[in-house]
Amino acid sequence: MGFDDWILSLHVLSAFALVGAEVIFWIMIVSLWGTDSTGRVASLMRVSQVGTVLVSVGSVGTIVFGVWLAISLDAYKLWDGWVIAAIILWAIAVELGRRGGQGYGAAGMEAQRLAQAGTETSPVVAETFRASRAFQFHTVSSVLILLLLIDMIWKPGA
Amino acid sequence: MTGLLASVRPDSWNLPLFIHVLGAMVLVGAVTAAVVAQLWTVAVADGDRLRRFSFRTLLFVAIPSWFVMAAGAEWIYSKEFGETEDDPTWIGIGFITREVGGLLLLISVICAGIASRKSKSGLARASGIIAAIALAAWVVAIWAMSAKPG
């Protein structure tokens, strides 16, 4: 096994962390859809914390090791069309995902605080866990990540 | 040799590879969510809720995605190694972790289902540990599939 094989392996593991985190967030969103219960949201905060760590590691790992590979491997160049497309998709997806995460994170913190204080329902939670702005950001981010995966596998123009 | 994911391959291999990889990614995400929910319960009051969450995640997301991953694996295998008799090491690792991981996943779902229905925290913990072992095996498989040792 060469050094580039290890870098590719880390790149793919990072991609699994990134998409795996997206899946975790989707499972939570579907599971909590339409709820106003602070207790239900608070109980899943640990799961969301793991998702947050995975999405951070996955986002940084995919771009760092991906750019490394594009520079290191003779077959590809950083200015290849599919590589540029991947970088643009990654940047937009990460930013939209961050904005969506901010919305869900704020609602989660609020739910946790209210649940500890004994308040069982919250309009903020109810507002967030349906077709909210955070949901829209998360949806578009996920679609872009899916396109990114398609770009990585098909490598159009390579 | 830098692996299949970094290479330009025949166009006909892309769709099966995409299905295999996407299924595996969903599988890893779903099992991670279920493991965390089973093993990282903070408040006792959350127990029932998290056991139900974990069971449904394994049953409705992890099991279907395992089948998608496995179907994609067979498809890409038939295209890439259809006529050969000797498989490379990384293929062997992939097959073993797929089959053993699938069996562990099935046992984990059954344990999670009983734990969710009968509020048994010990069984829920066992389900989480079994799923975590499968998850660890699949991380090794991801490394093997991408780095292709041997």
Please report how many Lys pairs in the protein assembly as shown have alpha carbons closer than 25 angstrom, counting only residues at least 8 apart along the chain or sitting on separate chains. 5
Roughly how compact is chain A, stated as its Cα Rg over 2.2 N^0.38 Å to two decimals? 1.20
What is the ratio of the Cα radius of gyration of chain B to 2.2 N^0.38 Å, where N is its residue count, to two decimals? 1.16
So what's the back-of-envelope 222 nm ellipticity for chain A, counting only DSSP H runs of four-plus at -39500 (n - 2.57) apiece and dividing by all residues, rounded to 500? -28000 deg cm²/dmol
Per principal axis, largest first, the Cα atoms of the range B:95-150 extend in Å by 47, 15, 10
Sum -39500 (n - 2.57) across every DSSP H segment of at least 4 residues in chain B, then divide by the residue count to get the 222 nm mean residue ellipticity, nearest 500. -26500 deg cm²/dmol
In debye to the nearest 20, how big a dipole does the protein assembly as shown give about its Cα centre with +1 on each Lys and Arg Cβ and -1 on each Asp and Glu Cβ? 1260
Here the whole-number average of other chain Cβ atoms within 10 Å per Cβ of B:9-19 is 2
Per residue of B:101-108, what is the mean number of Cβ atoms on other protein chains within 10 angstrom of that residue's Cβ? 0
Please identify the helices of chain B, taking whole runs of DSSP H, that span at least 27 Å along their own axis as judged from the Cα atoms and have a mean Kyte-Doolittle score of -0.5 or higher. B:14-39, B:89-118, B:121-147
Using the per-residue mean of other Cβ atoms lying within 10 Å as a proxy for protection, in what order, highest first, do the peptides B:107-118, A:118-129 fall? B:107-118, A:118-129
Pseudo-spin-label distance B:Asp48 to A:Val67, built 7 Å along Cα→Cβ, given in nm, is 5.1
Just checking the output field for B:51-57: average partner chain Cβ neighbours within 10 Å of each residue's Cβ? 3
In degrees, nearest ten, helix A:3-31 long axis to first principal axis of chain A (Cα): 20
tail above 20 Å in the computed P(r) of the range A:14-87, as % of all Cα-Cα pairs, reads 47
Overall dimensions of the protein assembly as shown by Cα: Rg and Dmax, Å: 20.0, 65
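Taken together, the values in this text are just the output of simple stated rules run on the coordinates, not laboratory data. Since the model is a prediction, treat every value here as computed from it, not as a measurement. Because the Cβ atoms are built from the backbone with ideal geometry, glycine has one as well, and the counts that use them run over all protein chains shown.
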